[in-house]
Amino acid sequence: MPYIYADPLRCTGCEVCALVCSFRYFKVLNPKKARIRVVRKEPAIDLVIACRNCDDAPCINSCPRGAIKKTSKGIIVIDEKKCDGCGKCVEACPLDALYIPPGEKTPIKCIVCGACIEMCPVNCLKIAYGSEEALAKRVDYARRIMEKILMSRGYKAS
Amino acid sequence: MEYKGYAGKILWIDLTREKIEAKPFPEDLAERYLGGAGICSRMLYDLIDPRVDPLSPENVLMFATGPLTGTLFPQACRYIVAAKSPLTGIWGEAHAGGHWAPELKLAGYDAIIFLGRASKPVYLWIEDDLVKLKSAERIWGRTVLETDEILKEEHGEDIKVACIGPAGENLVRYAAIMNDRYRAAARSGMGAVMGSKNLKAIAIRGSKDIEVADPEAYMEHVKEWHEKMLSNPFTPSRVKYGTTNLIELMQEIGRLPAYNLRQGVFEEYYKIGGEVIYRKYLVKPVADFACLQRCGRYTAVYNEPYRCMGGGPEYETLCSLGSRCGISNIEAILYGNWLCNNLGLDTVSAGATISWAMECYELGLISKDELDALDLRFGNHEAMIELLHKIAYRKGVGDLLAEGSWRAAKKIGRGTEKYVMHVKGQEIASQDPRAQKSMGLAIAIAARGADHAYGFPVLDEVGFEKEIRERFGPQYLPEIADRLSPKYKGFMVKECEDYMVVIESVGVCKYGTQIPPVFFYEDIAAALRVTCGLKISSKDLRLIGERIVNLNRAFNIRLGITRKDDSLPERLTKVPEPAGPAKGHIVELDQMLDEYYRCRGWDPKTGKPTYEKLASLGLKDVADDLLRRGVIRKSAS
């Protein structure tokens with residue numbers, strides 16, 4: 001299933017993607033209203049989080065009003081008319097990739113529109129395809145590379 | 001506030017009375033001073049009594065963002081922090097990027113003003129409308145990285161923290177304010193002012209919107225700016241090296257200070273430059289908020305005894321802790337950089353103060369006994385590292401060196417004063433001006449004492465001839481682009497200063513606006529129009545720049561600064577450069593100063609702005625204030 005992905009060791013954490021996203025959908029600049037978010041974590045990790053459009057999506061199953069559906073292209077969408085903002089899906093999402101932004105009533109999530117990809121100054125964003133497990137493997141791979149590069153040369157986090 | 005882009009509010013924190021108030025950002029201030037450096041200059045001129053001791057509760061500490069901070073203009077991540085400086089006793093200011101300043105705006109505030117002194121250590125916690133002073137019991141005494149971690153444990157991983165380290169708490173006169181762990185508002189001792197107020201940190205979570213004035217046109221402009229920035233030929237080298245390869249470039253033009261600025265070349269430069277860092281120590285480039293150039297470094301040293309990992313270094317640090325101290329052990333320099341960040345020290349003044357002590361020690365002016373038995377030869381990296389600890393905690397000789405080289409030399413005497421590389425009490429940064437004359441003038445004249453960044457006249461550094469022609473006109477070529485010629489440099493530095501203070505007032509970086517010179521007044525005017533709805537022309541912006549520089553000057557002449565203070569150490573004006581491409585050169589300061597004052601419309605004898613000049617810039621109230629204090633006189637006409 002398609003989703004936006006970036007290598008956490010290539011992403012520099014500038015948050016341009018988040019600003020572009022909040023501007024596209026809310027016409028304001030506010031990373032806390034973006035469907036894509038960047039988590040900076042020591043050491044040297046900038047991890048982009050956007051909805052992975054899971055195969056067996058917990059958000060779809062959790063919605064008591066049947067407001068969340070998957071399109072034929074594999075993108076999970078929320079029907080805002082049906083949604084009453086109960087927040088069950090937010091709880092169900094393991095990545096917090098779907099959330100209710102400040103001042104809003106219903107959740108937002110990435111629908112892979114690609115606006116951020118075009119504006120990423122590092123060119124590190126891409127549309128990836130695959131299941132959640134496959135992604136976990138990639139992230140794990142990035143983590144292990146990081147360990148290999150840093151830790152095996154003698155560095156240990158204090 | 002009718003203008004978009006701004007958050008629209010200024011936080012007033014009275015630490016003595018524990019009173020917190022959010023007041024509106026006055027529109028006329030935005031129109032006349034933009035924000036950032038501009039509003040700090042204006043408000044602190046009015047708020048700070050010139051007689052106050054910089055480390056007393058009466059000093060006022062102000063943080064300010066600009067109207068473009070937190071937007072999609074390239075590198076729009078900056079803030080200024082200003083106060084009366086404990087290092088120079090005059091106008092003090094420091095600037096930093098990172099993610100902290102945008103977060104302040106997202107919380108709904110353009111600026112914070114701190115008055116008074118807390119009765120016990122506190123930190124400020126801001127979560128949108130909730131603003132609270134909280135006990136700093138758990139973080140006082142902690143390092144910068146510890147403080148950042150503890151506050152994140154307390155308030156959540158996503159908060160942004162600006163804080164001081166032990167150096168600020170111990171009132172080291174060149175203590176920095178650190179934000180986002182590794183970004184430093186380093187110069188002129190703002191960290192010490194924060195420490196003197198018993199203020200350890202400002203932690204923020206902001207979730208409000210930054211609105212733009214013209215949402216229809218905005219994204220088209222953003223795309224244009226981004227394309228312009230990313231397609232600049234300088235950008236790839238910034239990504240690869242950050243500022244570290246300036247070591248190699250400055251060596252090439254003989255402008256790389258070595259051995260306490262005795263010379264502008266360092267024989268072992270290749271051991272501390274961009275290439276070795278890229279090959280052996282770089283983990284990845286990191287960006288500040290909305291930064292397309294990502295000159296920030298994340299580096300790691302893998303081996304003992306200097307194992308460390310974190311942000312930086314910049315060119316300034318590589319030189320100050322490296323060539324300037326005769327040190328070519330890159331791992332020691334990287335560790336020194338990490339240590340300065342963690343202790344909250346300005347790497348420039350720290351390195352310069354140590355290199356001064358090194359030269360005095362080698363000349364026999366300071367004995368080993370006075371240095372806690374340290375064999376402080378040039379090149380002794382173990383001693384350099386030990387001194388950084390001692391300085392931050394004011395232990396042993398560190399207590400003296402924490403005063404800065406100028407005060408330390410005054411205390412010691414014995415001719416050590418001759419070797420202090422300072423202007424107005426602040427140490428000169430990593431530029432040997434004998435190899436770039438405009439830099440000599442910029443350093444001598446800058447408002448916060450020795451400061452390459454106030455005017456930042458880097459256009460003649462590596463020959464931006466095309467941009468020089470575009471910005472200043474063809475009539476000054478070729479001399480203006482010749483770094484070894486003093487001709488037209490008074491004019492050039494004046495023009496650069498006016499532009500740079502505008503840049504610092506709107507909240508964007510000097511990279512992208514001055515080097516590489518991608519954006520100029522018209523781009524800033526366009527950005528202010530579509531982002532804020534401010535109808536300010538390029539011509540108006542130039543006037544605003546001039547107004548701010550004159551205001552900074554007024555702040556300083558009120559404290560007794562005159563032309564005689566706009567000076568350089570004799571080493572730079574009398575002793576010819578001993579080696580390298582600039583061999584034989586001195587800084588022809590007087591000649592450049594004459595031209596500079598003339599271009600400024602200031603009195604060439606005293607270096608003071610005239611009453612008429614100030615009045616013509618819309619600073620009649622300031623002119624009247626200076627007149628009343630007897631600092632300036634009205635001309636006879």
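The values are calculated or read from the model by the stated rules, or taken from the named source; none is laboratory data. The structure presented is a predicted model; accordingly, all values stated were derived computationally and were not measured. We place every Cβ from the backbone using ideal geometry, glycine too, and count neighbours over all the protein chains shown. Remember, those area values only see protein heavy atoms, side chains included, never the ligands or the DNA or RNA. Shrake-Rupley method; radii C 1.70, N 1.55, O 1.52, S 1.80 Å.
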**Request:** Distance between Cα centroids, region B:46-109 to region B:324-402: provide it in whole Å.
**Result:** 28 Å
**Message:** Please compute, over every Cα-Cα pair in the protein assembly as shown, the percentage with a separation greater than 49 angstrom.
**Reply:** 14 percent
**Request:** Over region A:8-85, calculate the relative contact order: mean separation of alpha carbon pairs under 8 Å at least 6 apart, over the residue count, as a percent.
**Result:** 20 percent
**Item:** Reachable lysines, given that their alpha-carbon falls under 28 Å from the alpha-carbon of residue A:88 and they are not under 8 places away in the same chain
**Value:** A:27, A:32, A:33, A:41, A:69, A:70, A:73, A:105, A:109, A:137, B:152, B:208
**Request:** Rank-order B:542-552, A:107-117 by packing density, defined as the average count of other C-beta atoms within 10 Å over each peptide's residues, highest first.
**Result:** B:542-552, A:107-117
**Complete:** Unpartnered Cys in chain A, judged by a 4.7 Å Cβ-Cβ cut-off, are A:11, A:14, A:21, A:54, A:63, A:83, A:86, A:93, A:113, A:120, A:124
**Prompt:** Of the heavy-atom accessible surface of region B:486-615 (probe 1.4 angstrom), what whole percent is carbon and sulfur?
**Reply:** 54 percent
**Message:** Over the Cα atoms, compute the radius of gyration (one decimal) and Dmax (the largest Cα-Cα distance, rounded to a whole number) for region B:193-233, in Å.
**Reply:** 18.8, 47
**Dipole of region B:187-282 [Lys/Arg +1, Asp/Glu -1 at C-beta], most positive-end residue of B:225, B:251, B:191** = B:191
**Message:** Tell me the carbon and sulfur percent of the accessible area for region B:58-176, rounded to whole percent, probe radius 1.4 Å.
**Reply:** 43 percent
**Item:** Interface residues in region B:196-213 - accessible area drops by 30 Å² or more relative to the isolated chain, probe 1.4 Å
**Value:** B:207, B:209, B:210
**Asked** Largest first, how would A:22, A:72, B:367 line up by accessible area (1.4 Å probe)?
**Response** A:72, B:367, A:22
**Asked** Based on the mean of other beta carbon atoms within 10 Å per residue, what is the order of B:498-509, B:348-359, most packed first?
**Response** B:348-359, B:498-509
**Electrostatic dipole magnitude of chain A [Cβ: Lys, Arg +1; Asp, Glu -1; Cα centre; debye, to 20]** = 160 debye
**Fill in**
For the table B:510/B:535; B:271/B:395; B:466/B:487, the rows whose alpha-carbon distance is greater than 21 Å are B:510/B:535; B:271/B:395
**Residues in region A:39-84 that, when all protein chains are in place, have 50 Å² or more less accessible area than the chain alone would give (probe 1.4 Å)** = A:40, A:42, A:44
**Item:** Where B:119, B:405 fall by accessible area, highest first, once all protein chains stay in place (1.4 Å)
**Value:** B:119, B:405
**Partner aspartates and glutamates for residue A:126 [C-alpha distance under 16 Å; skip if fewer than 8 residues away on the same chain]** = A:7, A:15, A:46, A:118
**Fill in**
Rounded to whole Å², per residue accessible area for region B:491-637 with a 1.4 Å probe reads 37 Å²
**Request:** From largest accessible area down, sort B:538, B:438; use a 1.4 Å probe on the protein chains.
**Result:** B:538, B:438
**Asked** Using a Gaussian network for chain A with springs between C-alpha atoms less than 10 Å apart, which of these wobbles most: A:54, A:83, A:17?
**Response** A:83
**Asked** What helices in chain B pass both tests, a Cα length along the helix axis of 20 Å or more and a mean Kyte hydropathy of -1.0 or higher, using whole DSSP H runs?
**Response** B:347-362, B:489-506, B:538-557
**Asked** Taking only C-alpha pairs under 8 Å that are 6+ residues apart, what is the relative contact order of chain B in percent?
**Response** 15 percent
**Request:** Run the dipole for the protein assembly as shown about the Cα centre, Lys and Arg Cβ at +1, Asp and Glu Cβ at -1, nothing else charged, and hand back the magnitude in debye, nearest 20.
**Result:** 360 debye
**Relative contact order (%) - criterion: Cα under 8 Å, at least six apart; region: region B:149-297** = 15 percent
**Request:** Give me the accessible area per residue for region B:345-421, probe 1.4 Å, as a whole number in Å².
**Result:** 37 Å²
**Complete:** Over chain A, with neighbouring protein chains present, the accessible area per residue in Å² at probe 1.4 Å is 49 Å²
**Fill in**
Note, region B:564-575: 3J(HN,Hα) by Karplus (6.51, -1.76, 1.60, θ = phi - 60°), whole Hz, Gly/Pro = x, goes 4, 7, 7, 10, 10, x, 4, 3, 8, 9, 10, 8
**Request:** Inverting the mean 1/r over all pairs of different Cα atoms, compute the Kirkwood radius of region B:253-347 and quote it in Å.
**Result:** 13.6 Å
**For the pair B and A, total buried accessible area rounded to nearest 100 Å², probe 1.4 Å** = 3200 Å²
**Item:** Average other protein chain Cβ within 10 Å of Cβ, residues B:294-301
**Value:** 3
**Message:** Can you give me the % of accessible surface on region B:313-399 that is carbon or sulfur? Probe 1.4 Å, all protein chains present, nothing else counted.
**Reply:** 47 percent
**Request:** Would you be so kind as to identify which of B:345, B:363, B:388 lies farthest towards the positive end of the dipole of region B:328-403, taking Lys and Arg as +1 and Asp and Glu as -1 on Cβ and the Cα centre as origin?
**Result:** B:345
**Request:** Excluding residues fewer than 8 places away in the same chain, name every one of the aspartates and glutamates whose C-alpha is closer than 16 Å to that of residue B:19.
**Result:** B:58, B:129
**Item:** Inverse mean reciprocal Cα-Cα distance (Kirkwood Rh) of region B:186-338, Å
**Value:** 17.9 Å
**Prompt:** Which value, in debye to the nearest 20, gives the size of the charge dipole of region B:81-176 about its Cα centre, when Lys and Arg are +1 and Asp and Glu are -1 at the Cβ?
**Reply:** 580 debye
**Prompt:** Once the dipole of region B:1-114 is set up with Lys and Arg at +1 and Asp and Glu at -1 on Cβ about the Cα centre, which of B:37, B:89, B:48 lies farthest towards its positive end?
**Reply:** B:37
